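The structure appears below as structure tokens.
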Amino acid sequence: MTVPVDTNTPAVYVSVQAQSILHLGLSQSSHLDEWGISRLAMIPSLVSLDLSHNSYITERCLIPLQFLPNLQKLNITGIKYFTDQPLALTFLEELLPNCVITADNDVLKTDH
């Protein structure tokens, strides 16, 4: 099931009780922050997640994604607030060993 979300809707309104969500696109969501991403981590069925071009996402915000056991695709293109993008990508590879991560100028396939 793919659930479209209005990009101006705060993540607080994304129902974490929708346990059958497979694909979630939250590109350019002006309200998505660390708390909102931590709520998304409560949807274990997620297979793909698009967080591209979000204003408030940092490396720290992505830590809860390690609790998404089925996550296979993550898009973090256009996230500007990483302290060090190569280091952030290495960190994500460790957190999400079975996930293809798409970032600016990179597509990382982890194979741990």
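The values are calculated or read from the model by the stated rules, or taken from the named source; none is laboratory data. All of these numbers come straight from a predicted model, not from anything done at the bench. FYI the Cβ positions are ideal-geometry reconstructions off the backbone, even for glycines, and counts take in every protein chain you see. Accessible surface is based on the protein model in full, side chains and every heavy atom, while ligands, DNA and RNA are left aside. Shrake-Rupley method; radii C 1.70, N 1.55, O 1.52, S 1.80 Å.
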Subset of the stretch 49-96 (residues that are among the small types (Gly, Ala, Ser) and on the phi < 0 side of the Ramachandran plot)
Ser52, Ser55, Ala88
Cβ-Cβ below 7 Å, separation at least six or inter-chain, first residue in the stretch 41-66 and over 17 Å from Ile21 (Cα atoms) and β-branched (Val, Ile, Thr), second at pLDDT below 90 and open to solvent by 50 Å² or more (accessible area, probe 1.4 Å): which pairs?
Ile57/Tyr81; Thr58/Tyr81
Take the residues in the stretch 103-112 that are out of contact with any strand residue (DSSP E or B) (no Cβ under 6 Å at 6 or more places or on another chain) and open to solvent by 30 Å² or more (accessible area, probe 1.4 Å), then tell me which one is modelled with the lowest pLDDT.
His112
Scan the stretch 55-72 residue by residue and report those that are at pLDDT 90 or above, assigned to a helix (DSSP H, G or I) and either surrounded by fewer than 20 Cβ atoms within 10 Å (Cβ to Cβ) or of a type in the set (Lys, Arg) (or both).
Ile63, Pro64, Gln66, Phe67
Within the stretch 44-54, which residues are within 15 Å of Leu96 (Cα to Cα) and at pLDDT below 90?
Pro44
So which residues in the stretch 81-102 are of a type in the set (A, V, I, L, M) and modelled with pLDDT under 85, if there are any at all?
Leu87, Ala88, Leu89
Open to solvent by less than 70 Å² (accessible area, probe 1.4 Å), of a type outside the set (A, V, I, L, M, F, W, C), touching an Asp or Glu at 6+ places or on another chain (Cβ under 7 Å) and at pLDDT 90 or above: which single residue out of Gly78, Gly25 fits that description?
Gly25
